[in-house]
1. With bins 5 Å wide starting at 0, give me the P(r) of segment 33-96 over every alpha carbon pair, in whole percents.
2. Based on alpha-carbon centroids, what's the gap between segment 58-120 and segment 140-176 in Å, whole number please?
3. In segment 52-115, which GluC sites (Glu not before Pro) fall in coil by DSSP and have 16 or fewer other Cβ atoms within 10 Å?
4. Among Ala76, Ala232, Ala41, which one shows the highest mean-square fluctuation when the chain is modelled as a Gaussian network with alpha-carbon springs under 10 Å?
5. With the Cα gyration tensor of segment 48-143 giving a ≥ b ≥ c as the square roots of its eigenvalues, does the rule (a/c under 1.5 for rounded; else a/b larger than b/c for prolate; else oblate) give rounded, prolate or oblate?
6. What FRET efficiency comes out for the pair Ala193/Glu131, r = Cβ-Cβ distance, R0 = 45 Å, nearest 0.05?
7. Top mean-square fluctuation among Val227, Val206, Val83, Gaussian network model of the chain, C-alpha springs under 10 Å?
8. When the Karplus curve 6.51 cos²θ - 1.76 cosθ + 1.60 is applied with θ = phi - 60°, which whole-Hz ³J(HN,Hα) does each residue of segment 176-181 get, with x for Gly and Pro?
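Readers should treat all values here as calculations from the given coordinates under stated rules, not as data from a laboratory. No experiment lies behind these values; they were computed from the predicted model shown. Cβ atoms come from the backbone with ideal geometry, glycine included; neighbour counts cover every protein chain shown.
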Amino acid sequence: MKLYNKVAIVTGAASGMGKAIAELYAKEGAKVVVADLNQNAISTVVSGISQAGGTAVGVVANVTKEEDIQAMVDKAVEAFGSVDILVNNAGIMDDFRLIGTMEDDLWERVLAVNLTGPMRAIRKALPFMLEKGEGVIVNIVSTAGITGGKGGVAYTSSKHGLVGLTKNVGYMYAKSGIRCNAIAPGGVRTNIAHSMANIDMAGMQVFREGAGTQRKEPVDPVEIATVALFLASEDSRFVNGTVIAADGGWTAY
Ligand SMILES: NC(=O)c1ccc[n+]([C@@H]2O[C@H](COP(=O)([O-])OP(=O)(O)OC[C@H]3O[C@@H](n4cnc5c(N)ncnc54)[C@H](O)[C@@H]3O)[C@@H](O)[C@H]2O)c1
């Protein structure tokens, strides 16, 4: 088992990639904190993990709320004694809005979930990692975090910001035993389209024109969970402050 007895928090773990990561980490021996917005969805994931012989607890945590972030990390410490791994996975899209149709409240909502949430979660979890002299942070970015044409302006900016956060934390805390990396997934079969309401068709069209270059799209979330396992485990002990694209070659074109 690659994560035996490690304590892992996964945000947005009730669906899609977060769920796949939580399940794989538990299978590899981690004690997992399943954090998301909806109690019923959280309970389904937690009982699935328990039935499969794993260990998990759930916590309702909206990553845009500082008090929820505090409670999420406190829950990990209370239930399992510490935090070894933090996966900042919760994220929403932005209707593929071009800058001309971007509204302030949508911009702020996307930045709050995709960028400020991870910053606050790292800020809260880091002291526990520093105390142990080791810890791993995995941020789920996107191909939109390393290129300019794979999302709307807020999503693209938030994910580029998350790449910067990843590199800064990875570099600044390297000597303290903390690693911080990101995964940039290509198209993955999840429920994220539900976070869009009023799509900017011009923005969507630009995205579609470039989408054909991914070899296998969309893929099962497990294709990303295996990369998240690599980054959380000792197998990647010399990998820090970087982004791994898991996109079937999409961004290589
Ligand atoms: N699906 C893709 O093709 C794709 C590609 C690249 C990157 N991503 C990124 O992967 C991550 C996971 O997305 P997914 O595709 O699995 O989507 P998903 O919608 O299936 O899952 C996202 C989860 O995050 C939760 N969430 C949303 N806002 C939240 C908040 N404020 N606080 C806590 N939880 C919240 C949702 O309830 C949901 O359970 C996101 O960061 C997304 O940007 C997705």
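1. P(r) over segment 33-96, rounded to whole percents: 4, 17, 24, 26, 18, 6, 4, 2, 0.
2. Using only Cα atoms to place each centre, the spacing works out to 14 Å.
3. Glu103
4. The residue with the greatest mean-square fluctuation here is Ala41.
5. prolate
6. 0.65
7. Val206
8. 8, x, 9, 10, 9, 10
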